[in-house]
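What follows is a short report on a single structure.
The values are calculated or read from the model by the stated rules, or taken from the named source; none is laboratory data. None of the values given here were measured: they were computed from a predicted structure. Cβ: placed from backbone, ideal geometry, glycine included. Neighbour counts: every protein chain shown.
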Amino acid sequence: MLKKEFIQVLQDRRTRGVIFGTPLIQLIVFGYAVTTDVRNVTLGVQDRDMTVMSREVVDRFVRSGYFTLQNHIQDDGEVRRLLDSGDVQAVLTIPEGFQGDIHSGRTAKLQLVVDGSDSNTASVVLQYAQRIVGALSREMVLERVTRAKGVVRVPGQIELESRAWFNENLESRNFFVPGVIATIVTIVTLMLTSMAVVREKEVGTMEQLIVTPITPWEFILGKTLPFALISMADVILVTTVGVIWFQVPVRGSILLLLGCTAIYLLTALGVGLLISTISRTQQQAMMTTFFFFMPAIMLSGLMFPIANMPEVVQWITHLNPMRYYLVVIRGIFLKGVGIDVLWPQMAALGVLGIATFWMASRRFRKTLS
């Protein structure tokens, strides 16, 4: 059975491409596309003051590296048109008398209108703008104190120095690429395994297997073990590309990563085999696979924090093996933690894997029905 399954999978050129080529392409595409970093925000400027100070504000926004000056706007109607058409993502309005207010010691005001259709991008843009304006304001206060030679008293300030652990530069790529690895391994394993038994039925070789002395457990091992080895090879391949190409750090043990992956594959293979036993055609198996895969992705914490989900949904996520595997793979990649920290996730994966395989074996019968 092992020889037959390896020959059947690897002799097809298209299948080899799906197994080894598709994961690499998906990793590279998703590694660049799946990111929460906001760069090159197109900025429109409506400068009604036209002074040295107003030009300094605009220059600060451009030199920050987050904003790209797109348009100089003349009237309010153009502001609405550019935002509606999507030509700019934000519009900075500097009112008349801006420099005069600063020189006279009054509070000067700026207006930043942001396209809020993408709430995440809008909130990040506002944070960038507040940081830029806050830094400029502090420099002005210090300059005024220096000129006054101690005549002006400035109240004491509290300065927060933040330091990020595990992902020092807060690069979203380091957070998402390990998740993409888990996603690719899951979909490849599910797709290959879910087609295993169904293909025998459609091709007509199930009758030949029925008359052989092979036992149900031997049949299951013969169908799943090749895909487990292929999936492990995919993990090694994709991890290597993620580390070399995207410079994602691996601070933990590679052997622990492979061991946890083997436990996770027990669940993924069990789900795929269960789908294969309840499906009559390969088309049904494929549709059922995606029916399982999409909720698993959404409820895994890959895209949305589980803590932000409703409490009922949070309880449902405990049945999702991908939730635990993401904690494991990110902990090994970014934090370098070991079994002493990850054992609850490993135990949960083991329980789900044994239960899933038990259900698949109970469902499987070496018959045509």
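Key figures
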{"item": "Residue check, Met359 without any contact (Cβ under 8 Å) to a residue 60 or more places away in the chain and surrounded by fewer than 21 Cβ atoms within 10 Å (Cβ to Cβ)", "result": "no"}
{"item": "Close pairs from region 44-65: first more than 13 Å from Arg131 (Cα to Cα), partner in a helix (DSSP H, G or I) and hydroxyl-bearing (Ser, Thr, Tyr), Cβ under 6 Å, at least 6 apart", "result": "Asp47/Ser54"}
{"item": "Residue in region 17-24 that is loosely packed, with under 11 Cβ neighbours inside 10 Å and out of contact with any Leu (no Cβ under 9 Å at 6 or more places or on another chain) present", "result": "no"}
{"item": "Residue in region 55-65 that is at pLDDT below 80 and either outside the structural domain of Thr183 (by TED's automatic domain parsing) or part of a loop (DSSP other than H, G, I, E, B) (or both) present", "result": "no"}
{"item": "Qualifying residue in region 8-28 (condition: free of Cβ contacts under 8 Å to residues at least 24 places away in the same chain and in a loop (DSSP other than H, G, I, E, B))", "result": "yes"}
{"item": "Residue that is of a type in the set (D, E, K, R) and surrounded by 12 or more Cβ atoms within 10 Å (Cβ to Cβ), where the choices are Arg14, Arg55, Arg63", "result": "Arg55"}
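So that you can scan it fast, the table gives a plain yes or no per residue for (1) crowded, with 18+ Cβ neighbours inside 10 Å; (2) within 30 Å of Arg199 (Cβ to Cβ):
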residue: Leu265; (1), (2): yes, yes
residue: Ile278; (1), (2): no, yes
residue: Ala307; (1), (2): no, no
residue: Asn320; (1), (2): yes, yes
residue: Phe333; (1), (2): yes, no
